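Remarks on the structure that follows.
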Amino acid sequence: MSFDRPLAVPVPPESRIAAVYSRVDLADAFAIELPAGAPQDPEVLARSIFAHQARWISVLMRIRGVLVAPFGLKTASGLTSEGAQGRRIGIFKVYEANAVEVVMGEDDTHLDFRVSALYQPAAQASAGRPRIVLSTVVHCHNALGRCYIGLIAPFHRMIVKSYLRRAARRGWSREDGVQPPTLRRVAD
């Protein structure tokens, strides 16, 4: 694994989302190594991940919003509006945070999901370098949810990897909010 290549990994068993649902309709995780000097705070890392999205993701999210709004499903614009409830990282509600993990997600009529940003120090990571593992688990409530997740799963995986690559290429924000210099500018 390199500092800008996400690797598919199992959902870490120590993650708070590993057993959050009795039945899971989608579960995946992607890890990316962190360079020396990167923050260790999972919330800072999560904010770095979701701070900047590729233009193609913005377009997909707008299309998704138009398509799902008639079904009464939550849209990205609704989740980021001033009326959105609770502490958020991007569109995601923060459910809990501790020294190694921040758990985010949303509950809706068709499905519930949780996203975990889990910091693994070098001693725990398989490559012997610290990394951040971004995991997602989804529990569908009905046929609409299962159909929806079946349609978006391939896009979801591309989006997660894009977010991780972009955060790594932009440089991980430090706890003091100072952004390190960009190593290189690459479009996803």
For region 106-142, give me each residue that is in a strand (DSSP E or B), farther than 20 Å from Asp25 by Cα and either acidic (Asp, Glu) or in contact with a Lys or Arg (Cβ under 7 Å, 6 or more places away or on another chain) (or both).
Gln120
Matching entry among Ser15, Ser22 (being in a loop (DSSP other than H, G, I, E, B), modelled with pLDDT of 70 or more and more than 23 Å from Arg131 (Cα to Cα))
Ser22
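The values are calculated or read from the model by the stated rules, or taken from the named source; none is laboratory data. This one's a predicted model, so the numbers in the text were calculated from it and none came from an experiment. Quick reminder, even Gly has a Cβ in these numbers, built from the backbone with ideal geometry, and neighbours come from all protein chains shown.
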